[in-house]
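> One structure, pasted below without further comment.
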Amino acid sequence: MAVQTDSFADMALQVKKDHRKMKWFQFQRLLRRKTALLSLIILILALLAALFAPVIAPYPDQGMGAVNLEHRLKAPGSHYALGTDIYGRDMVSRVVFGARISLFGGICIVICAAVIGVPLGLWAGYNEGISGAVISRTVELFLSFPSTLIAMAISILIGAGWSTAIIALIIPWWPWYTRLVQAEVLSIKQTLFVEAAQMLGYGKIYIIFRHLLPNVMTPVMVMILLDLGPAIITIGLLSFIGLGTQPPMADWGLMVWEGAPNILSEWWISVVPGCAMFIVVIAFNIFGDALKDILDTSG
Amino acid sequence: MNTGTANKDNLQGPHMGHDKDPVLQVRELTVAFNLPQGRAEILEGVSFDLYPNEILALVGETGSGKSVTAKSLLHLIPGRNCEIRGRVLFEREDLLSLPKKMLQAIRGDKISMVFQNPKSSINPIFTLGEQFHRLIRLYLPHRIAQVKLKMGCTRKQAVQIIAKEKLHEVGLTDTERMLKLYAAEVSGGMAQRYRIALALVSAPEILIADEATSALDVTVQAHILKLMKDLCTTKKTAILFITHDLGIAAQICNRVAVMYAGRIVETADTKTIFKNPLHPYTRGLLKAVPKLGKNESLAFIPGIVPDLVNPPKGCRFFCRCDHAMDRCRDQKPKSVRVENNHDVSCFLYHPDHTDKKEIPNETAPD
Amino acid sequence: MKPPLIELEKVNTWFPGSKTILGKPRSWIKAVSDVSLNIIAGECLGLVGESGCGKSTLGRTVLRIAPLHSGEIRFLGDPIGTLSSKELKPYRSKMQMVFQDPKASLNPKMTIFDILKEALVLNTRVEKHAYLEQAVELLHLVDLRSEHIYRYPHEFSGGQQQRICIARALATDPRFIVFDEATSALDVSVQAQVINLMKNLQNTFNLTYLFISHDLSIMEHVCSRVAVMYAGQIVEIQDSRALFDTPRHPYTKSLKNAVPVADPEESNTLEVLKGEVPKLSDPPSGCHFHPRCNYAQDICKEKSPLKSETGDHSWVRCHFHETLWAQGTLIDN
């Protein structure tokens, strides 16, 4: 039987096109939800602002921390759209530069946590032997303490600062991914396609990467999106108590802290970065939820 | 005409003289879901009658809409994406337009339902006894008072006596031990019998059994089927038995309605439909059923069930039908009465269809 | 006489029930107890029984997926009961399985080609560059079209998915395939399609089947010989025709009479068995069927009946099968 390989290449292309179209349909359904679309726009704007902060910010040097003492504590007005802080720095520039640290930090934490947590979860879920048990017990150990507490302890131990804060947050964060993936694997492991692969004589590593990993990616993606909000908040929290970003650089959490003493008179110093944080976190949550719905219903 | 006591003769359908009016009339029931892919008409103009004292089988394969029919009768389909049209007449009232409160009063009281998986339809955190007693207190206050008076016992004892009675009716004997158990601790057969006993506490006029025996073993299924048959004769409960198994339909049901892709294609009493099936789908289905002790080669119906988001414009069986004609492509066949109480939705049997050659004349498979 | 392809000798498959703190099993669930059975090359052996009787476990034990507690399994004379998973590899491709739920047995994230390729890799007769060609040929064998090859499983109907599973099982060039309730999840109108396909393939490739099902009525259409299983034991094996006409074990008869026949004229009795299916963790003494058997006597409680040959490759395990046979009690008039 002669099979023309060319026509198969064409066929493969056609099918790939169809599947891409399906993905596009899914995406369109996502965008048809007004809240999801709005939050996506907000997220894109926030990311763009963070990326092009030096271009967007009206006073890039102030955004980086240069003081401007003549214009201390100016209320929002025509010159400084959102006012200035205690050192006279323009709030718009500060928030835009703060976005860099907050967003980048959040993404960094969540991605690293997933990169560490997912493989461990796959292994622990598939192997019920000693190695699996060790991983599960470790995860339980981490999850039995409040994660912020662990993060604080670690950052005190290894010193305050933005990068150490990130490391301090990844350490209590990855077990959540391990737990999620492990639970998923335990149910996928029972399915017949895994048994079929075992019957073909395939080994652990092959089954884990070929069969289990692709099937846990959807919940992991959703969890990453939903986790970005809390991650941004927690970095802010660490900065808020002085363990995270150090002045003159500032993320949103630190800025809220800096404005706290004057909250009654110069409210904008706290409220502006607070609002920025609030909006971005909500946007991540809504978008993550919408994505989850769409992926759940489209099998 | 036929008011004799023999039950068998009493099942001939509307024209052969059902002495009673139907307890449930379903007219042009249409259910559509708004799916992301588009609007899907899961049911399209489903009409049937259920008479007192009969078991009507609603037979169909996966995706034929038989379970949706059962659920939409009592408005049990959740979600805003669902549209229900048509009429379901019960005691001169349209269940579909009834306010929620009144519908709830009918559900479980006058119309009960038994589902496929008995264990998951029993609340797992109460013992079987607690649930059963609660239901008795709710539905049978008069009976409790009666027993109290007669036996001179407390209310609690009266409830227990009634519970025992009701469980005996469904063939459960070791009731005292059983009522102390939780749903997870009893076998599937026991759970289903218990479930049926629950459904019968209120002495419903209609019992809807949605694949009630499909998850059970044949030997256990035999129990349940016998029980259903007895119920129908002794308690005069009308049963709507939804199943995919033609064997069950043949053995315990009086009439059979065959569903395909959201429509009822043929309705007749059991003997007729097995002896003289008319719709090409019914014929195909009957030939595909493996029969015990008959080693003939099995037939199948080529093709697959149509996508209900983009259903065929005309007859929904068009693509798989051997006898399809041009008009089947874009006209929907209406139900025609061929003989007494034998309705079929197929153009082959329409009065204006003259080319009688097309009518398959083979004898029925037996 | 054809040689047996697979021989089972006193096979026991036990799963640990409750465990002590140290992880040692305190009790065992005896899913398969003391089963000896020959599967003859080229035959289709049916295995019928109620849910929880251990029939699926027996199928998995033969393929060495379920843990073998004791006993021996021989494949073409080679003992495979104690081989490690590495040593089993050459046998894996010779023995395949098709499961009940076709949707769950295909990885939703893989295309049909990937799924078939995974199995083809094990087939030493197929060279690397010919995978695509072979995969297409397999699809043709199971009556699917070649343009289906890059599609995903969810784009197919249940019947089609089951045919893909059969294609995967065929890809390794097996001698023996276990069908575990392979047609139970399918609609009647497509079931026959899959069964006819199975039969054709059996003839073309000279395959041996073990067909596991709870549905007695399908057996005769598929199998040449049928084994009836009850509570972990095989109680009777007979030629499929004879099994229905002249059952020798009381359980076979009850099972047969419980099936509702799709013919209102032939109203069967819907015979009701008393009692419940026994728990495999604590099966009854003696003959496992005695608490539910209408013909049980004292000896049935005490002694487990031995196999008694009733013909070529057929036997029954019942103390009273001779009396029942002589009286014709189990035969319908």
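The values are calculated or read from the model by the stated rules, or taken from the named source; none is laboratory data. Note that the structure is a prediction, hence the values are computed from the model and not measured. FYI the Cβ positions are ideal-geometry reconstructions off the backbone, even for glycines, and counts take in every protein chain you see. The protein model used for the area step is the full one, side chains on, heavy atoms only, and it has no ligands, DNA or RNA in it. Shrake-Rupley method; radii C 1.70, N 1.55, O 1.52, S 1.80 Å.
> Determine whether B:Leu285 is open to solvent by less than 50 Å² (accessible area, probe 1.4 Å), modelled with pLDDT of 85 or more and either in contact with a His (Cβ under 9 Å, 6 or more places away or on another chain) or outside any loop (DSSP other than H, G, I, E, B) (or both).
Values: open to solvent by less than 50 Å² (accessible area, probe 1.4 Å): yes; modelled with pLDDT of 85 or more: yes; either in contact with a His (Cβ under 9 Å, 6 or more places away or on another chain) or outside any loop (DSSP other than H, G, I, E, B) (or both): yes.
Yes: the conditions hold for B:Leu285.
> Among B:Lys236, B:Lys291, B:Lys334, B:Lys275, which is the only one that is at the interface with chain C (Cβ under 9 Å from one of its Cβ atoms), of a type in the set (Lys, Arg), within 24 Å of the chain's Cα centre (by Cα) and surrounded by fewer than 21 Cβ atoms within 10 Å (Cβ to Cβ)? Write out each step before concluding.
Values: B:Lys236 fails: at the interface with chain C (Cβ under 9 Å from one of its Cβ atoms); B:Lys291 fails: surrounded by fewer than 21 Cβ atoms within 10 Å (Cβ to Cβ); B:Lys334 fails: at the interface with chain C (Cβ under 9 Å from one of its Cβ atoms).
The conditions single out B:Lys275.
> Something else about it: What single numbered condition from (1) within 8 Å of another protein chain (Cβ to nearest Cβ); (2) open to solvent by 30 Å² or more (accessible area, probe 1.4 Å) fails to hold for C:Lys117?
(1)
> Of the conditions (1) within 28 Å of the chain's Cα centre (by Cα); (2) under 20 Å from A:Arg210 (Cβ atoms); (3) open to solvent by less than 70 Å² (accessible area, probe 1.4 Å); (4) more than 9 Å from every other protein chain (Cβ to nearest Cβ), C:Ser105 clears all except one; give me its number.
The single condition C:Ser105 does not satisfy is (4).
> I want to confirm something. Restricting to the stretch C:69-100 and keeping residues that are assigned to a loop (DSSP other than H, G, I, E, B) and more than 12 Å from every other protein chain (Cβ to nearest Cβ), which single residue is farthest from C:Ile166 (Cα to Cα)?
As a first pass, look at the stretch C:69-100 and keep what is assigned to a loop (DSSP other than H, G, I, E, B): C:69, C:76-77, C:80-84, C:93-94, C:99-100.
Keeping just the survivors that are more than 12 Å from every other protein chain (Cβ to nearest Cβ) gives C:69, C:76-77, C:80-82.
On the way: C:His69: 30, C:Leu76: 23, C:Gly77: 26, C:Ile80: 24, C:Gly81: 26, C:Thr82: 28 Å.
Out of the qualifying residues, it is C:His69.
> Let me ask another. Give the stretch B:136-152 a look and list any residue that's hydrophobic (A, V, I, L, M, F, W, C) and either within 28 Å of the chain's Cα centre (by Cα) or open to solvent by 30 Å² or more (accessible area, probe 1.4 Å) (or both), or say none. Steps first, please.
Keep residues of the stretch B:136-152 that are hydrophobic (A, V, I, L, M, F, W, C), which gives B:136, B:138, B:140, B:144-145, B:147, B:149, B:151.
B:Ile136, B:Leu138, B:Leu140, B:Ala145, B:Leu149, B:Met151 - these are the residues of the stretch B:136-152 that are hydrophobic (A, V, I, L, M, F, W, C) and either within 28 Å of the chain's Cα centre (by Cα) or open to solvent by 30 Å² or more (accessible area, probe 1.4 Å) (or both).
> Restricting to the stretch A:150-162, count the residues that are open to solvent by 70 Å² or more (accessible area, probe 1.4 Å) and either over 30 Å from A:Ala250 (Cβ atoms) or without any contact (Cβ under 8 Å) to a residue 12 or more places away in the chain (or both). Before you say what the answer is, go through the steps one by one.
Step one: of the stretch A:150-162, the residues open to solvent by 70 Å² or more (accessible area, probe 1.4 Å) are A:156-158, A:162.
Now drop any that are not either over 30 Å from A:Ala250 (Cβ atoms) or without any contact (Cβ under 8 Å) to a residue 12 or more places away in the chain (or both), which leaves A:157-158.
Total satisfying the criteria: 2.
> Restricting the search to the stretch A:189-207, which residues are within 14 Å of A:Glu128 (Cα to Cα) and assigned to a helix (DSSP H, G or I)? Talk me through it step by step, then tell me what you get.
Our first condition is that a residue be within 14 Å of A:Glu128 (Cα to Cα); within the stretch A:189-207, this holds for A:189-190, A:204.
If the condition is that a residue be within 14 Å of A:Glu128 (Cα to Cα) and assigned to a helix (DSSP H, G or I), then A:Lys204 is the only one that fits.
> What residue, of C:Gly286, C:Gly275, is surrounded by fewer than 23 Cβ atoms within 10 Å (Cβ to Cβ), away from chain B (no Cβ under 12 Å) and part of a loop (DSSP other than H, G, I, E, B)? Quick ask: steps written out before the conclusion?
Details: C:Gly275 fails: away from chain B (no Cβ under 12 Å).
Criteria check complete, one pass: C:Gly286.
> Please identify the pairs in which a residue from the stretch C:315-326 that is farther than 24 Å from C:Ile39 by Cα has its Cβ atom under 6 Å from the Cβ atom of a residue that is assigned to a helix (DSSP H, G or I), counting only partners at least 6 apart or on another chain.
C:His319/C:Ile299; C:His319/C:Cys300
> For the stretch C:221-233, state whether one or more residues are without any contact (Cβ under 8 Å) to a residue 60 or more places away in the chain and within 11 Å of another protein chain (Cβ to nearest Cβ).
Looking only at the stretch C:221-233, we keep the residues that are without any contact (Cβ under 8 Å) to a residue 60 or more places away in the chain, and these are C:221.
Now restrict to residues that are within 11 Å of another protein chain (Cβ to nearest Cβ): C:221.
There is at least one residue in the stretch C:221-233 that is without any contact (Cβ under 8 Å) to a residue 60 or more places away in the chain and within 11 Å of another protein chain (Cβ to nearest Cβ).
> While we're looking at this one, here's another question. In the stretch C:198-216, what residues are open to solvent by 10 Å² or more (accessible area, probe 1.4 Å) and in a helix (DSSP H, G or I)? If you could, list the steps in order and put the result at the bottom.
Quick first cut of the stretch C:198-216, residues open to solvent by 10 Å² or more (accessible area, probe 1.4 Å) only: C:199-200, C:202-206, C:214-215.
Within the stretch C:198-216, C:Lys199, C:Asn200, C:Gln202, C:Asn203, C:Thr204, C:Phe205 meet the criteria.
> Hey, does the stretch C:147-168 have a residue that's among the hydrophobic types (A, V, I, L, M, F, W, C), within 9 Å of chain A (Cβ to nearest Cβ), within 18 Å of C:Gln100 (Cα to Cα) and out of contact with any Asp or Glu (no Cβ under 6 Å at 6 or more places or on another chain)?
Going through the stretch C:147-168, the residues among the hydrophobic types (A, V, I, L, M, F, W, C) turn out to be C:149, C:156, C:164-167.
From what is left, the residues that are within 9 Å of chain A (Cβ to nearest Cβ) are C:149, C:165.
Keeping just the survivors that are within 18 Å of C:Gln100 (Cα to Cα) gives C:165.
Then keep just the ones that are out of contact with any Asp or Glu (no Cβ under 6 Å at 6 or more places or on another chain); that gives C:165.
Scanning the stretch C:147-168, I find at least one residue that is among the hydrophobic types (A, V, I, L, M, F, W, C), within 9 Å of chain A (Cβ to nearest Cβ), within 18 Å of C:Gln100 (Cα to Cα) and out of contact with any Asp or Glu (no Cβ under 6 Å at 6 or more places or on another chain), so the answer is yes.
> While we're here: Which of the residues belonging to the stretch C:140-196 are open to solvent by less than 10 Å² (accessible area, probe 1.4 Å), in a helix (DSSP H, G or I) and among the hydrophobic types (A, V, I, L, M, F, W, C)?
Within the stretch C:140-196, C:Ile164, C:Cys165, C:Ile166, C:Ala167, C:Ala169, C:Ala171, C:Ala192, C:Val194, C:Ile195 qualify.
> For the stretch B:74-96, name all the residues that are on the phi < 0 side of the Ramachandran plot and exposed (fewer than 10 other Cβ atoms within 10 Å of the Cβ). Explain how you work it out, then say what you get.
Going through the stretch B:74-96, the residues on the phi < 0 side of the Ramachandran plot turn out to be B:74, B:76-78, B:80-85, B:87-90, B:93-96.
Selection gives B:Pro78, B:Arg80.
> Same structure, new question: Select from the stretch C:234-258 the residues that are in a loop (DSSP other than H, G, I, E, B) and open to solvent by 10 Å² or more (accessible area, probe 1.4 Å) and write down the one among them that is nearest to the other protein chains (Cβ to nearest Cβ).
Filtering first and then ranking leaves C:Thr246.
> Before we move on, is B:Ala261 within 14 Å of another protein chain (Cβ to nearest Cβ), without any contact (Cβ under 8 Å) to a residue 12 or more places away in the chain and in contact with a Pro (Cβ under 9 Å, 6 or more places away or on another chain)? I'd like the intermediate steps shown before the answer.
Details: within 14 Å of another protein chain (Cβ to nearest Cβ): yes; without any contact (Cβ under 8 Å) to a residue 12 or more places away in the chain: no; in contact with a Pro (Cβ under 9 Å, 6 or more places away or on another chain): yes.
No; evaluated as a whole, the condition is false for this residue.
> When you go through A:Ala124, A:Ala66 one by one, which is the residue that is within 30 Å of A:Tyr206 (Cα to Cα) and touching a residue at least 12 places away in the same chain (Cβ under 8 Å)? Working first, answer last.
Details: A:Ala66 fails: within 30 Å of A:Tyr206 (Cα to Cα).
The unique qualifying residue is A:Ala124.
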